[in-house]
Amino acid sequence: MSTLPDKMRAVLIKDGVGPSSSLYIGEAPTPSVEGDDAAEQVLVKVKAFGLNRMDLLQREGKYPIPPGASKILGVEFSGTVAALGKQVQGLELGNEVFGLATGGAYAEYVRIPARMLLRKSQQMDWVQAASVPEAFLTAYQALKVLNTMKEGEDVLIHAGASGVGLAAIQLARAFGARRVYVTAGSDEKIAFCKSLGADDGFNYKTGDWSEALAKATNKQGVDVILDFIGAPYFTPNIKSLKLDGRLSMQGFMGGNVAEKVNLGTLLTKRLRVEGSTLRSRSLEYQSKLVQEFFHSGGLDTIERGASSSESNADGLAHRLVVHKVFDWHNIKDAHDEMAANKSTSHCGGGCMLTMTDIGKSRLLLERTGATLTRSHGHHFVAAPGAPCERPSMHLAYIQIHIVRSKRRLGRLGVLQLWPRHLGTFILAALEARGVLVADGLHHLVEAVQRIAECVQR
């Protein structure tokens with residue numbers, strides 16, 4: 001008999017599309033793995049999920065989702081197996097896994113074909129595992145499937161400090177690249193790329209990267225180029241390829257219309273130019289890619305990357321790089337962070353989101369200047385600027401008893417925690433002083449701010 005809820009929390013979009021402010025946590029039907037049409041499906045209880053640029057585009061209505069995919073955002077995640085279709089083999093309830101979905105990862109549960117899952121090793125935590133699928137599989141596809149990079153070849157990776165870029169650096173090195181070059185927007189980012197295996201890098205903000213590459217390669221160029229920029233880089237990319245070189249187009253961050261292109265060079269150099277996406281590929285293609293990646297040794301590189309202290313034969317530390325971890329209630333902030341290109345900082349990687357707990361609430365509170373202390377088994381929240389003392393009748397304080405179903409506010413009222421809705425705090429009216437503090441608040445931070453305002457009045 002299933003104990004799974006009929007409804008689950010999920011990040012939804014008001015009116016279906018909109019700005020980041022339209023994101024909210026609501027309820028959606030829990031996916032089912034019952035019936036013949038779901039016989040090979042697995043239901044995973046999500047621990048963490050990754051944020052990708054396609055999520056921002058989909059939220060804005062600019063990224064059509066594949067047929068049959070969930071309308072809920074999110075394609076990469078980690079979690080535990082919660083239910084199995086009747087034909088699934090090799091997995092058991094409770095197994096720790098991570099995977100690549102066609103959508104639906106911004107939720108408590110996600111349904112995914114069993115062959116799209118990989119077993120999480122103990123070397124990786126939940127956040128690290130959730131950071132793997134999209135970045136590393138995209139990089140693997142570009143390097144080995146599309147470009148068939150060979151041992152001893154030279155590679156140029158644009159946007160080297162991005163999540164896919166950092167993954168590609170490490171995979172290129174792991175697969176025997178002779179020289180790995182990158183472009184990035186700061187010397188700091190380039191230095192970080194070098195620490196992961198890049199031999200040299202070029203700051204496109206301070207000079208012509210194609211001229212710098214020509215100088216570094218004695219005008220020979222490279223065998224393989226991974227490009228996420230598009231139009232402004234097309235001609236210099238063609239110029240920078242060796243005979244029989246391959247250019248893989250993975251994005252168009254700089255525009256998608258290239259002007260005054262000399263096609264003759266494609267013929268004389270025997271070049272191959274190929275564009276590709278991953279999410280729109282068939283299930284057969286994606287599942288084959290996952291399995292090829294598993295057997296290629298790429299997963300071994302990832303697992304080594306779970307510990308930044310382990311070095312490869314060149315003395316370079318493999319790393320799983322995550323820019324920042326957000327509580328999923330801060331999904332708007334995460335989208336805004338990526339939209340502002342902040343996730344391409346010196347630490348690179350993408351944004352990861354996790355489910356709320358008391359520990360995460362502490363981090364949220366600290367951002368507002370509020371304080372959270374513990375006394376006699378209870379947690380106390382003090383509004384910004386309030387004296388830090390044991391609460392009595394002062395409205396600036398909330399006394400939170402660590403009880404699964406409820407949070408009591410002492411003499412002030414009741415803070416309810418709805419069943420299964422960890423972190424979705426709803427403050428009841430503080431009737432004792434005739435103050436209606438909040439109704440339907442989703443963020444503890446907002447609640448604290450409201451209390452502070454009441455105190456000031």
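Here, each number is a calculation from the coordinates, and none is a lab measurement. In this text the structure is predicted, and so the values were computed from the model without any measurement. When we count neighbours, we look across all protein chains shown, and the Cβ atoms used for this are built from the backbone with ideal geometry, even at glycine.
Per-structure values
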read-out	value
Environment charge of Lys86, counting only residues whose C-beta is closer than 15 Å and scoring Lys/Arg +1, Asp/Glu -1	-4
Förster radius 30 Å - calculated FRET efficiency between Lys332 and Arg178 (Cβ-Cβ, nearest 0.05)	0.10
Placed amide H near Ala83: partners under 5 Å, 5+ positions off or other chain	Leu43
Residues whose placed amide H lies under 5 Å from that of Val182, excluding near-sequence neighbours	Ile157, Asp200, Gly201, Phe202
Table column - 3J(HN,Hα) (Hz), segment 205-221, Karplus curve with 6.51, -1.76, 1.60, x for Gly and Pro	7, 10, x, 7, 5, 5, 5, 5, 5, 4, 5, 5, 9, 6, 6, 7, x
Cα point-scatterer Debye curve for segment 136-275, base-10 log of I(q)/I(0) at q = 0.13, 0.14 Å⁻¹	-0.47, -0.55
For peptides 171-179, 288-296, sequence by mean Cβ density within 10 Å, most packed first	171-179, 288-296
Under the Karplus curve 6.51 cos²θ - 1.76 cosθ + 1.60, θ = phi - 60°, whole-Hz ³J(HN,Hα) for segment 323-328, x wherever Gly or Pro sits	5, 7, 10, 10, 5, 5
Distant-in-sequence amide H partners of Tyr63 (H built 1.01 Å from N, under 5 Å)	Gln58
Thr268/Lys288 FRET efficiency (R0 51 Å; Cβ-Cβ; nearest 0.05)	0.90
Label-point gap, in nm, between Asp200 and Val261 - each point 7 angstrom along Cα→Cβ	2.7 nm
Potential lengthening between Ser21 and Thr148 on full extension [0.36 nm per residue; Cα-Cα distance subtracted]	41.5 nm
Trypsin sites (Lys or Arg not before Pro) lying in DSSP loop within segment 77-130, provided at most 13 other Cβ fall within 10 Å	Lys86
Phi to ³J(HN,Hα) by Karplus 6.51 cos²θ - 1.76 cosθ + 1.60 over segment 135-145, Hz, x for Gly, Pro	5, 6, 5, 4, 5, 4, 4, 5, 7, 9, 8
GluC sites (Glu not before Pro) within segment 123-172, DSSP loop, no more than 15 other Cβ atoms inside 10 Å	Glu151
